[in-house]
Amino acid sequence: MPNRIKKLAVLTSGGDSPGMNAAVRAVVRTCAYHGIECYGVYRGYEGMIDGDFQIMDARSVKGIINKGGTILKSARSKRFRTKEGREKAFQQVKEAGIEGLVVIGGDGSFTGAMIFNQEFDFPVMGIPGTIDNDIFGTSHTLGFDTALNTVVDAIDKIRDTASSHNRLFFIEVMGRDVGHIALNTGIAGGAEEILIPEEDLGLDRLVDSLNRSRTSGKTSSIVVVAEGDKIGKNIFELKEYVDQNLEDYDVRVSVLGHMQRGGAPSCFDRVLASRMGVKAVESLLEGKTTYMVGLLNNKMELTPLDNAIKGKTKINLELLRVSDIMST
Ligand code: ATP
């Protein structure tokens with residue numbers, strides 16, 4: 001492998017997701033394997049601007065593969081959105097002799113990385129870390145699988161109380177623009193209905209469907225709602241509508257919120273993070289830049305950052321049909 005790079009850096013940026021630590025570990029250890037010095041940058045682009053980074057060796061990432069969150073901390077940096085801020089960041093990495101950067105984050109973080117590359121001709125590589133699975137160029141983002149397991153676990157627990165009291169639960173899960181979490185966990189958790197941003201079920205159809213469930217003998221119901229569902233009502237307004245239009249229903253709401261982002265990464269996410277970390281570093285060492293590492297057909301593939309940012313992920317229509325059939 002041609003290897004002119006001697007020093008790389010890694011940072012985590014935007015919202016945290018399970019598996020980020022495993023990816024940091026993989027980047028650091030791949031650098032060590034190839035005899036490259038690796039810097040960990042704290043607080044995302046904020047730390048880059050402030051020169052808040054330190055050398056990490058293979059041992060400094062021990063015991064973190066199973067930890068949620070990110071040991072490097074994450075941040076949203078207003079300063080990095082300005083030319084002045086990015087110039088400061090460039091001065092900092094230049095002074096430290098850093099010649100390439102691995103950015104673990106979402107599409108906002110990738111946009112920052114792309115602009116940084118354009119302005120300073122600085123090699124960058126992205127690893128998609130977000131639970132929403134809303135990034136083009138990978139079948140799975142880091143943290144998605146763990147979040148699915150966390151949500152299914154929560155749905156199972158809520159169903160216990162729902163069936164004990166003959167209740168209807170609306171459970172809100174993350175997914176402002178995409179319904180991947182809602183669709184998958186709705187099927188896995190046996191939800192009667194799943195409301196996602198990509199599909200407009202319509203309030204009347206929802207009420208009809210719940211009525212049918214009740215008359216067919218169901219004693220409890222779960223409706224999984226993505227934050228950004230097409231009906232456009234927030235989950236409490238939905239509850240109110242159903243309260244007013246369905247008699248004899250004891251409706252409750254549960255908003256799962258930030259717990260979906262936490263916890264130990266699943267086996268799948270740890271393996272994915274390890275593969276992505278290796279691919280990101282080795283791609284930079286091969287002289288490649290401005291790509292995102294992704295999983296496509298179970299292979300590590302590179303997608304230009306620009307496409308990863310602009311491309312839209314599509315909901316799996318087969319899963320939609322499966323969920324329709326399952327709620328019969
Ligand atoms: P999440 O999926 O959690 O939203 P994200 O990476 O999309 O993660 P953002 O807050 O959108 O999170 O972006 C993270 C950081 O990337 C921002 O705080 C900012 O520092 C940088 N960034 C985003 N957009 C730009 C931009 N247009 N120019 C420069 N930097 C940017």
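Rundown of residues vs (1) under 25 Å from G175 (Cβ atoms); (2) among the polar types (S, T, N, Q); (3) more than 7 Å from the ligand (Cβ to nearest atom); (4) more than 16 Å from the chain's Cα centre (by Cα), yes/no style:
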| site | (1), (2), (3), (4) |
| --- | --- |
| T70 | yes, yes, yes, no |
| S74 | yes, yes, yes, no |
| G85 | no, no, yes, yes |
| K94 | no, no, yes, yes |
| I98 | no, no, yes, yes |
| G106 | yes, no, no, no |
| S109 | yes, yes, no, no |
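Candidates in region 36-50 are the residues that are within 16 Å of the ligand (Cβ to nearest atom) and small (G, A, S); of these, the one that is farthest from the chain's Cα centre (by Cα) is G47. The numbered conditions (1) over 19 Å from G126 (Cα atoms); (2) more than 9 Å from the ligand (Cβ to nearest atom); (3) under 22 Å from the mean Cα position of the chain (by Cα) are all true for Y33 except (3). A Cβ distance below 6 Å, combined with a sequence gap of six or more or placement on separate chains, defines the contacts here; from region 87-116, residues that are assigned by TED's automatic domain parsing to the domain that holds V27 reach residues that are among the charged types (D, E, K, R) and more than 8 Å from the ligand (Cβ to nearest atom) in the pairs G97/K7; I98/K7; E99/K7. Summed over region 285-328, the residues that are under 23 Å from the mean Cα position of the chain (by Cα) and in a helix (DSSP H, G or I) give a count of 11.
Which residues, counting only those in region 122-163, are under 22 Å from T313 (Cα atoms) and of a type in the set (F, W, Y)? Passing the criteria: F136, F144. In region 20-105, counting only helices (runs of 4 or more DSSP H) that sit wholly within it, the ones holding 1 or more residues that are closer than 21 Å to V293 by Cα span 20-33, 44-50. Would it be correct to say that G143 is within 11 Å of the ligand (Cβ to nearest atom) and at positive phi? Yes: the conditions hold for G143.
The values are calculated or read from the model by the stated rules, or taken from the named source; none is laboratory data. Quick caveat, the model's predicted, so the values are computed rather than measured. Ideal geometry is used to build each Cβ from the backbone, glycine not excepted, and the neighbour counts take in all protein chains shown.
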